[in-house]
Amino acid sequence: MTMLIWRILGAVSLVVCILCIVLVLALRLLKNGYYHEYTEDELLKTKKAANSKNSIYFTSGETKNFIKKYVICKTLYDKYLVCNYARSFENISYFVVQYSRFKRVIGVIDVTHRDTGDSSKVIALKRACAYVNVVIGTADGICVNSNVIRPLPMCKVRIHSALKSFALFTFLFAARHTAVEILGFPAVVDKLGADYALQFLSSFYNYGIIAASFVLALFGYLIAVLCFRRRNAEVRNGGALEYEFL
């Protein structure tokens with residue numbers, strides 16, 4: 001191929017790379033559309049200790065029939081949650097929706113406890129979490145809420161991963177050609193020879209670099225698809241903690 005064709009391919013690769021990045025940012029394929037709307041829970045009281053600040057809230061909606069209160073414990077290094085159950089359950093599951101101080105969702109924890117007492121185990125929260133909503137899922141076989149978190153369709157995961165991988169491949173293609181063009185500058189040509197850039201583009205090394213870029217992008221796609229957790233939630237059981245809800 002001539003130098004002009006390689007330049008056209010390099011320019012097209014750069015445009016396609018930018019387009020893929022724009023599509024990834026604009027489509028937001030991994031955004032979960034079923035997050036719970038923020039509900040302001042009633043603050044019962046706040047306790048301040050030497051190394052922590054504990055805020056106790058009443059739950060709201062149908063959750064209060066199963067979980068009466070919850071406490072958010074803030075220390076210098078950690079932030080965690082403990083729930084106060086309305087009674088003992090053989091099996092209870094609920095969602096802890098975490099919000100930033102601007103009341104935007106920053107995470108959802110899917111919690112399942114069996115053979116409970118009056119209180120839950122420790123549920124670790126994100127450091128950036130300022131508010132939470134506890135939303136009941138199921139309790140002793142009774143399903144109350146099931147659409148707080150929607151499992152992401154694998155087709156969306158594949159499209160998102162494919163766009164990112166293709167952006168990586170086209171970026172590497174354009175970067176490789178840019179490096180070759182630099183070697184073709186007049187100041188460099190005088191030392192390397194007039195046809196050095198074109199000779200390299202026609203060589204096995206050039207095609208080997210292109211093939212390696214493709215393999216790297218394909219490997220990134222496979223890793224992203226295989227390792228992606230289909231549910232945008234973390235399952236937390238935590239350790240035991242006794243907290244007096246008075």
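One table, with the values for the structure above:
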| read-out | value |
| --- | --- |
| Residue, surrounded by the fewest Cβ atoms within 10 Å (Cβ to Cβ), within region 76-96, restricted to residues that are of a type in the set (Ser, Thr, Tyr) and outside any strand (DSSP E or B) | Tyr77 |
| Scope region 26-43; condition open to solvent by 100 Å² or more (accessible area, probe 1.4 Å) and modelled with pLDDT of 90 or more; matching residues | Glu40, Glu42 |
| Contacts under 8 angstrom Cβ, first residue in region 82-93 being over 16 Å from Thr112 (Cβ atoms), partner of a type in the set (A, V, I, L, M) and surrounded by 13 or more Cβ atoms within 10 Å (Cβ to Cβ), 6 or more apart | Asn84/Ile67; Asn84/Val71; Ala86/Ile67 |
| Enumeration of residues in region 44-75 that are surrounded by 15 or more Cβ atoms within 10 Å (Cβ to Cβ) and not in a strand (DSSP E or B) | Thr59, Gly61, Thr63, Lys64, Phe66 |
| Helices (runs of 4 or more DSSP H) enclosed by region 125-231 - at least 3 residues per element that are at pLDDT 85 or above and surrounded by 12 or more Cβ atoms within 10 Å (Cβ to Cβ) | 154-183, 204-227 |
| Flag if Ala86 is more than 14 Å from Val132 (Cα to Cα), more than 29 Å from the chain's Cα centre (by Cα) and at pLDDT 90 or above | yes |
| Scope region 106-123; condition open to solvent by 50 Å² or more (accessible area, probe 1.4 Å) and farther than 19 Å from Ile56 by Cβ; matching residues | Ile106, Arg114, Asp115 |
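The values are calculated or read from the model by the stated rules, or taken from the named source; none is laboratory data. What you see is a predicted model; the values in this text were computed from it and never measured. Cβ sites come from the backbone with ideal geometry, for glycine too, and all protein chains shown count toward neighbours. Remember, those area values only see protein heavy atoms, side chains included, never the ligands or the DNA or RNA. Shrake-Rupley method; radii C 1.70, N 1.55, O 1.52, S 1.80 Å.
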